[in-house]
Amino acid sequence: MSVNNPQRCYVVLSTSGELYAAHLTIEDVYTPVHSRDVDCMPSFIAELPLGRFREIEVHLRVVDKASLTDTPASSDSWRSFRQALLESDAKVFTLLSAARQLMEWQREHRYCGLCGAKTQLVHLPGDRYLQCTDCQHPWYPRISPCMICIIIKDDYLLLAKHKRGGAGFYSALAGFVEPGESIEQSVHREVMEEVSLQVKNLEYIGSQAWSFPHQLMIGFLCHYAGGEISLCDDEIASANWFHYSKLPPVPPIQSLSGQLIQAAVERLQGRAG
């Protein structure tokens, strides 16, 4: 039986990645749950400190929903993590992103990748890692850098519909940085691989953690430099140029893709005005 600290609040995730949202309706914006709301969960798989939210200490708890049968933590209390993330303000977005990334980190490193022994959490001021109980090797949270960009051509934006995910949106181009690459080199390579275009005048706009499962998205606006659209069949379902005033459905502004699209539209509106 776990003992809950009344001075803490909790982000509770299931092993399948759903978010526990006690007492919230589907329209409510998510906030971490109070310790009394996790009293109905007699056991958990992992607990990790996340930091502070509104001056309150926050911990992540990972639970197996199958163990919650016949408890108040009913199926109605669980919400899509992605939905909650994209409805959140910046502070909650950061907290939830950290929670999911740390859950994946703990799941992937329960055993040492060098010797196979179990690992245990070491949490020190300014440092956190999973340490092998045998060879003592430290395993830090994995962060995977990815480029994401919007291409501008005259008054048009290049937007693409991706085969994996995206909820039907047209979005920015994105891809992982390869070993040995700079982030700028990855932009040129990924754009060429996905839509066969050349780009120029890369301008950094911002970055965002994207916890599916552990990306750091690094966003750019860039300009068309040549080529004709030819799709990578493995990744891109469709791509086209859209006038900035007549865009298809695009991701919400909480995502970096949505922010890049907004930045490009504002840039073009300012130029037109």
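Where a number appears in this text, it was derived from the coordinates with a stated rule and is not lab data. Just so it is clear, the structure is predicted and the values come from calculations on it, not from any experiment. Every residue, glycine as well, gets a Cβ built from its backbone with ideal geometry; the counts of neighbours run over all protein chains shown.
For the pair region 172-199 / region 97-112, the C-alpha centres are spaced 27 Å from each other. Between the amide H of Ile236 and those of Lys163, distances stay under 5 Å, these residues lying 5 or more places away or on another chain, with hydrogens modeled in the peptide plane. Within the same chain, aspartates and glutamates fewer than 8 places from Lys153 are excluded, and of the rest, those with a Cα less than 20 Å from its Cα are Glu184, Glu190, Glu193, Glu194, Glu203, Glu228, Glu266.
Say the cut-off is 32 Å between C-alpha atoms; which of Lys91/Lys200; Lys65/Lys163; Lys118/Lys163 go over it? Violating the 32 Å limit, Cα to Cα: Lys91/Lys200; Lys118/Lys163. Estimated from the Cβ-Cβ distance and a Förster radius of 30 angstrom, the FRET efficiency linking Arg54 and Glu228 is about 0.05.
Of the DSSP H helices in the chain, those that are both long (alpha-carbon extent of 20 Å or more along the helix axis) and hydrophobic (Kyte-Doolittle mean at least -0.5) are 90-108, 256-272.
When +1 charges are put on Lys and Arg Cβ atoms and -1 charges on Asp and Glu Cβ atoms, the dipole computed for the chain relative to its Cα centre reaches about 280 debye. Largest mean-square fluctuation among Trp210, Trp105, Trp241, in a Gaussian network model of the chain whose springs join Cα atoms under 10 Å apart, belongs to Trp241. A crude spin-label estimate for the pair Ile183 and Asp127, with each label 7 Å from Cα along the Cβ direction, gives 2.7 nm.
Under the classification rounded if a/c is under 1.5, otherwise prolate if a/b is larger than b/c and oblate if not, where does region 144-272 fall, given a ≥ b ≥ c as square roots of the Cα gyration tensor eigenvalues? Here region 144-272 falls in the rounded category. Prolate is the label for region 108-211. Its Cα gyration tensor axes, ordered a ≥ b ≥ c, give a/c of at least 1.5 and a/b above b/c.
Counted over region 73-131 with a bin width of 10 Å, the fraction of Cα pairs per bin, in whole percents, is 19, 35, 29, 16, 0.
Between amide H atoms placed 1.01 Å from N, distances below 5 Å from His214 occur with no residue 5 or more places distant or on a separate chain. In this simple spin-label approximation, Ala46 and Arg82 carry label points 7 Å from Cα along the Cα→Cβ vector, and these lie 2.2 nm apart. Treating each Cα of the chain as one equal point scatterer and applying the Debye formula with no solvent, the log10 of I(q)/I(0) at q = 0.07, 0.09 Å⁻¹ comes out as -0.32, -0.52. Just need the relative contact order of the chain here, percent rounded to a whole number, with Cα pairs under 8 Å and 6+ apart. Relative contact order here is 15 percent.
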